[in-house]
Amino acid sequence: MFLIVASTKDAAGLNIKKQILTLYPFNKTEENHQNNPIYEATINNTEIKLVTINEEPVQAQNLLDFFPNPKLVIFISRHSSLSGKPTLSVHTPGNLSDAVLGGIPKRVSISPANAMKTALKTMAKLKEERQLAYEVSYECTHHGPSLDAPTMFAELGSAPAQWHDSKAAEVVAHAVIKASSKFNLPSAVAVLGIGGPHYNSRFTHMALEEETAFGHMIPKHAIAEISTETLRHCVERTLEKVECAILDWKGIKGENKQPLIRMLEEVSLGFKKT
């Protein structure tokens, strides 16, 4: 079972949900969750449930108590940033250190590297075809929840004008359905991304142009706080086998470079610089 999750507190998520229900053959079931109807569809022989929660997506730590053992969880939600730049983004939730915004401290969700790549590529393709003035980007791993299931966020932002943009919401809708319905297709090489900014254009470009799928991504500002255990945790909490780390070498502070390489050696993970 594949699970798409919207929130009554999230305008963009509700907009994307509306597009999914319009574009795809979902039917309302007799089930409810938190007094919200549950919808189901079978697309490419894949059973997908669309549910709505009443808490913010970052606070949905108990979701699997109600929907155990999903093959994939996709939260459809708003994206916010100070820049307000129109953005379509994907990332895995979880906390590399403290739990500032939901989830569990020092615990990340399982990262579905290839599902995120599929969503990212679909977003990039459709925004070009529809001539939408949006940036498509990976985000680094951040915020809750920290779930024991393959989990990703597909976001629309970065301000209210974009949250209510039905054309952009359609793009996200197609991306999450494709990520679910194409889940078992042959996969690209899964990697761990380290370095650079929170929105990493180098990693995004690699995923769009090469057979590389990023799982967890650790930004420049977080490197000083991580440990060998953090790296091991991110590797183990990736759905696919992580083949190596990709280092955004210029996006890593000089004093962090050699300690990082030593930690990678300790976890027996090779690396490539970009």
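Just so you know, all these numbers are worked out from the coordinates, no wet-lab data involved. Keep in mind the model is a prediction, meaning the values are calculated, not measured. Reconstructed Cβ throughout: ideal geometry from the backbone, glycine too, with neighbour counts over all protein chains shown.
Quick notes
- Full-extension gain in nm, residue 256 to residue 128, via 0.36 nm per residue minus C-alpha separation: 42.3 nm
- Percent of beta bridges antiparallel (DSSP, the chain, rounded to nearest 5): 30 percent
- Around the amide H of residue 109, modelled in the peptide plane, lie the amide H atoms of 94, 95, 147, all under 5 Å away and 5 or more residues distant in sequence or on another chain.
- Selected from 189, 73, 90 as most flexible by GNM, with the chain as the system and alpha-carbon contacts under 10 Å: 189
- Sorted largest first, extent of segment 155-213 alpha carbons per principal axis (Å): 35, 31, 16
- Ascending count of other beta-carbon atoms within 10 Å, so fewest first, for 66, 271, 203, 26: 66, 271, 26, 203
- Hydrodynamic radius (Kirkwood) for segment 2-273, which is based on Cα pairs only, to one decimal in Å: 18.5 Å
- Scattering curve values for segment 218-261, log₁₀ I(q)/I(0), Debye with Cα scatterers, q = 0.29 Å⁻¹: -1.20
- Here segment 214-263 and segment 7-41 have alpha carbon centers that stand 36 Å from each other.
- Cubic angstrom per residue, convex hull over Cα atoms of segment 1-122: 128 Å³
- Modelled label positions at residue 80 and residue 135, each set 7 Å beyond Cα in the direction of Cβ, lie 1.9 nm from each other.
- Counted charge near residue 185, where neighbours are those whose Cβ lies closer than 14 Å (Asp, Glu -1; Lys, Arg +1): +3
- HN-Hα J in Hz across segment 98-106 - Karplus 6.51, -1.76, 1.60, θ = phi - 60°, x for Gly and Pro: 5, 8, 7, 9, x, x, 10, x, 6
- Shape descriptor for segment 97-213: Rg over Rh equals 0.95 (Cα atoms; Rh from the Kirkwood inverse mean 1/r).
- Normalised contact order of segment 121-183, rounded percent, pairs of Cα under 8 Å and 6 or more residues apart: 42 percent
- Footprinting exposure proxy for 234, 140, 244 (fewest neighbouring C-beta atoms within 10 Å first): 244, 140, 234
- Here the residues 17, 127, ranked from fewest to most Cβ neighbours within 10 Å of their Cβ, fall in the order 127, 17.
- Pairs from 125/178; 85/125; 125/241; 85/167; 71/182 whose Cα-Cα separation, in the structure shown, is over 22 Å: 125/241
- Per-residue ellipticity at 222 nm, computed for the chain from helices alone with -39500 (n - 2.57) per DSSP H run of at least four residues, works out to -9500 deg cm²/dmol.
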